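The values are calculated or read from the model by the stated rules, or taken from the named source; none is laboratory data. Given the structure is predicted, the values throughout are model-derived calculations rather than measurements. Note: ideal-geometry Cβ built from the backbone for every residue, glycine included; neighbour counts use all protein chains shown. Accessible surface areas use protein heavy atoms only, side chains included; no ligands, DNA or RNA. Shrake-Rupley method; radii C 1.70, N 1.55, O 1.52, S 1.80 Å.
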Amino acid sequence: MEPSVDKSNYCTDTDEMINWFEKSAENAVAVQRQTLRRILELNHGVEYLKKWLGDIRLQDENAMESLYATMVPLASHADFEPYIHRIADGEKAPLLTQDPMKTLSLSSGTTEGRQKFVPFTRHSSQTTLQIFKLAAAYRSRIYSIREGGKVLEFIYSSKQYKTKGGLIAGTATTHYYASEEFKIKQQHTKSFTCSPEEVISSGDYKQSTYCHLLLGLYYCDEIEFVTSTFAYSIVQAFRSFEELWKELCHDIREGTLSSRINITKVQKVVLDIIVPNPELASRIESICEEVEREDWFSIIPKLWPNVKYVYTIMTGSMQPYLNKLRHYGGNLPLVSADYGSTESWIGVNVEPSSPPEKVTFAIIPTFSYFEFIPLHRSKSQSYNNSHQDANLLANDDFIEDEPVPLSQVKIGQEYEIVLTTFTGLYRYRLGDVVEVAGFHKKTPKLNFICRRKLILTVNIDKNTEQDLQLVVGRGSRILISKSRAELVDFTSHANVSKKPGHYVIYWEIKGDVDENVLGECCTEMDASFVDHGYVVSRKTNSIGPLELCIVERGTFKKILEHFIGNGAALSQFKTPRCTSNQNLLRILNVCTIKRFYSTAYMGDRMFVT
């Protein structure tokens, strides 16, 4: 029998939902041991566990955690990949779970350039429903919304397909939007997406976005909040709105649908909803004409007067979009959505009024069994320019201690999360670096720091996504202060094809900028990397000057379309902050219109080509 979520999953009362979590949080240590015991009981005898445990049943909850950690090794996706591919090919033996798997999720593929299969079961949909209900309960305590109100959701399904063995494969968001739980969520949270299923699942993100905007405007007085999986999707939608608003107003005035919508099922469902409304169209036109002169500042509250907040994931690689989101949202609160991954949901935002930069997530101890690898940043290392040592350091971004269970985490310590899930992942290294910021009752509250993987390294330098974002932030502040331009998006690449290797940062900007300002931005970014290995290497010229490439407008939309064309969904898309993907580099380099080289560490010489 497949593992089910606690029956409180189906309660509709806000206080009851919160009381369930508060009780789980108060007893988090015991609940975690029960969660581990249940996972191991449900999946006793599967091939992967049998490899490490044999026929042993770990039943003593007091000793279970230490025995489990001793007998089952830490693992990465590569360790599970052979089993998952055998399942995808139709093997019926219990490899990872006793219950046969019928569905596989696809990761976004934006980090490593390829999508990976991840187990997905009914438990995955149920926990998604539960965390959405729980988060809505906490939000409702601060931001009250009308029952039966509508939500402007920029959500997108991608195509599902069948593997060789007949399993359904697709993104986790696609599985969820197609599930019964998605319908239940709307009933229980008493807020309903304004776009029908045909729009969400159109398979063409441009047509879906147009219809999301059209229906959102049509129901503008009923919209209670604006949301999407990631901040990127909301920013992308409103950048499109800047170009589409006149066409949208025409459709509302006439009760028609733009010729850009050519999917029959989408045409039919939208035209069945909208009727001509000249008064509304004129009102929207008047607002847009005014706000366009102010570069679309506060467009969301002006068009949707009853919206209470904007709700989306804003941490990690989404942080660079916060400024634009605040620009569109004006004084609206930005509420950070909850913490999860394709593999498992992890934590809920119990303090929705916290600014996105300070948000923490309280671990939900019933969802998975969590372990934490203590991480320590190396303050001093003996640097050596040998190729061997450079490779060693590239993988050794932190000093690690032995993993600890939830009961032993400490405030202020950084950790990598390790998951054991109901879906067949055992001691799985997630690769996320978090800091324990405090506790909610007895469950840790996590501050997301960054992905573990080093994204920029040439020699003995070690820079993470967080390091890159801080540096780009320094450069973009100069851009904003000395010009009327804005940074649309960015990525980077460690170019080691020539000696010395160097960092390349690609910027797409909106507006005109003097070349001297861009040169200053380039030098500022180069000088802002504080990693000791980078600074030493730059001073000795074993890493060359940072290169800033300005790409033409629309380049990052081409990157999005590249991923969409390879099966990714817009709901899951994250701009890769660093890439070695040759297809992406080809797009970036073809679209580069100017290059600047830093003058930091080498006098005041600057090259522009």
(request) At 7 Å along the Cα-to-beta-carbon direction for both R146 and E26, put a label point, then send me their distance in nm to one decimal. (result) 3.7 nm
(request) Give me the Debye-computed log₁₀ of I(q)/I(0) at q = 0.25, 0.26, 0.32 Å⁻¹ for segment 331-371, equal point scatterers on Cα only, no solvent, two decimals. (result) -0.83, -0.87, -1.10
(request) Order the peptides 282-293, 129-140 from the highest to the lowest mean number of other Cβ atoms within 10 Å of their residues. (result) 129-140, 282-293
(request) Any chance you could count the Lys pairs in segment 455-597 whose alpha carbons are under 21 Å apart, treating pairs 8 or more apart or on different chains as valid? (result) 16
(message) As an exercise, use a Förster radius of 60 Å and the Cβ-Cβ distance of S497 and E254 to find the FRET efficiency, rounded to the nearest 0.05.
(response) 0.60
(message) What does the extension gain come out to for F439 and I287, with contour length at 0.36 nm per residue minus their alpha carbon separation?
(response) 50.2 nm
(request) Starting from the Cα-Cα distance between I273 and Q34, subtract it from 0.36 nm times their residue separation and give me the gain in nm to one decimal. (result) 81.2 nm
(request) Per DSSP H run of n ≥ 4, the term is -39500 (n - 2.57); total these for the chain, divide by its residue number, and report the mean residue ellipticity at 222 nm rounded to 500 deg cm²/dmol. (result) -12000 deg cm²/dmol
(message) Residue by residue through segment 485-499, what is 3J(HN,Hα) from phi via Karplus (6.51 cos²θ - 1.76 cosθ + 1.60, θ = phi - 60°)? Round to whole Hz and write x for glycine and proline.
(response) 9, 9, 7, 7, 6, 7, 8, 8, 7, 8, 8, 10, 6, 10, 9
(request) Would you list, by chain and number, the aspartates and glutamates whose Cα falls below 16 Å from the Cα of K265, excluding same-chain residues fewer than 8 positions away? (result) E197, E198, D204
(request) Kindly report the accessible area of the chain per residue (heavy atoms of protein chains, probe 1.4 Å, no ligands, DNA or RNA), in Å². (result) 42 Å²
(request) Keeping the other protein chains in place, figure out the carbon and sulfur percent of the accessible area of the chain, with a 1.4 Å probe. (result) 48 percent
(request) Name all residues of segment 229-260 having a backbone nitrogen under 18 Å from the label point set 7 Å from the Cα of K557 along its Cα→Cβ direction, giving them as ranges. (result) 232-249, 258-260
(message) List the residues, sorted by chain then number, that are 5 or more residues from I509 or on another chain and whose placed amide H is less than 5 Å from its amide H.
(response) V488, V551
(request) May I ask which of K150/K268; K50/K164; K50/K445 have a Cα-Cα span longer than 31 Å here? (result) K50/K445
(request) Would you please give the FRET efficiency between A78 and K594, computed as 1/(1 + (r/R0)^6) with r the Cβ-Cβ distance and R0 = 30 Å, to the nearest 0.05? (result) 0.15
(request) May I ask what percent, to the nearest 5, of DSSP beta bridges between residues of segment 144-332 are antiparallel? (result) 15 percent
(message) Testing the spin-label approximation: label points 7 Å from Cα along Cα→Cβ at N262 and K51. State their distance in nm.
(response) 4.9 nm
(message) Once you place label points 7 Å from the Cα toward the Cβ at K246 and L585, how far apart are they in nm?
(response) 4.2 nm
(message) Can you tally the net charge around A600? Count Lys and Arg as +1, Asp and Glu as -1, for every other residue whose Cβ sits under 9 Å from the Cβ of A600.
(response) -1
(message) Multiplying the sequence separation of D89 and D531 by 0.36 nm and subtracting their Cα-Cα distance, what value in nm do you get?
(response) 154.6 nm
(request) Please find the FRET efficiency linking R377 to Y161, where r is the Cβ-Cβ separation and R0 is fixed at 45 Å, and quote it to the nearest 0.05. (result) 0.60
(request) Above 39 angstrom, tally the Cα pairs of the chain and express them as a % of all pairs, no decimals. (result) 32 percent
